[in-house]
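The values are calculated or read from the model by the stated rules, or taken from the named source; none is laboratory data. Here the structure is a predicted model, which means the values were calculated and not measured. Cβ atoms come from the backbone with ideal geometry, glycine included; neighbour counts cover every protein chain shown.
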């Protein structure tokens, strides 16, 4: 991909060199283009038997105040998307999530959520969950797999052949994709295109597929971005600074 870098890509690389300062719950990214900060917000609901506490990020400092509000609304909505269903209607939902900013350079933000969420049932615990929110700040659009993958056939092949590394450990052991989700390439490709039970995030060097279909567990499978650049949208890569 090195020969395909454009002027815009080089500018994005320069933006990644921005100074990053962390103060308490806030993260400030300062660069020549502007100063943008990320602050930590909380959604909580303790009504009757509910035990809901979700932390999520909000962006401040964009030049376009209207865009900023729209982006923050989408981030909040995505972070609280598990707040629904019969347990919530009956005020018996427990959901506790906190987040980590995996990547942020002013053009793309990738947020990872981890915690537990489910109906409160006597004698049973609350299932562990992970979520991710990925946002193109320029367009104000939430990015799904369909927005960034240009070749699902190859992505399915890489997963089925265990080219992705398992990074989620249960009892100290990380699994492989073939062990936990054995499927044909064709079946996996169809699953990926459907997107059910799947998510993704990036830290700028790794591309990570998240799978949340297993009850009481989840898995993350990572691969170097350099290994999948040919199947990722070029504009997306440029905004990552690659």
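Only one of the listed residues (142, 158) is touching a strand residue (DSSP E or B) at 6+ places or on another chain (Cβ under 8 Å) and farther than 21 Å from residue 113 by Cβ. That residue is 158. The residue that is farthest from residue 159 (Cα to Cα), among those in segment 212-221 that are surrounded by 20 or more Cβ atoms within 10 Å (Cβ to Cβ) and touching a helix residue (DSSP H, G or I) at 6+ places or on another chain (Cβ under 9 Å), is 219. Residues in segment 117-135 that are at pLDDT 90 or above and under 15 Å from residue 81 (Cβ atoms): 117, 129, 130, 131, 132, 133, 134, 135. Those strands (runs of 3 or more DSSP E) of segment 100-211 in which 1 or more residues are touching a residue at least 40 places away in the same chain (Cβ under 8 Å) and surrounded by fewer than 18 Cβ atoms within 10 Å (Cβ to Cβ) occupy 128-136, 198-202. Screening residue 105 against (1) touching a helix residue (DSSP H, G or I) at 6+ places or on another chain (Cβ under 9 Å); (2) at pLDDT 95 or above leaves a single unmet condition, (2). In contact with a helix residue (DSSP H, G or I) (Cβ under 6 Å, 6 or more places away or on another chain), assigned to a strand (DSSP E or B) and not assigned by TED's automatic domain parsing to the domain that holds residue 111 - does that describe any residue in segment 222-231? For segment 222-231, residues in contact with a helix residue (DSSP H, G or I) (Cβ under 6 Å, 6 or more places away or on another chain), assigned to a strand (DSSP E or B) and not assigned by TED's automatic domain parsing to the domain that holds residue 111: absent.
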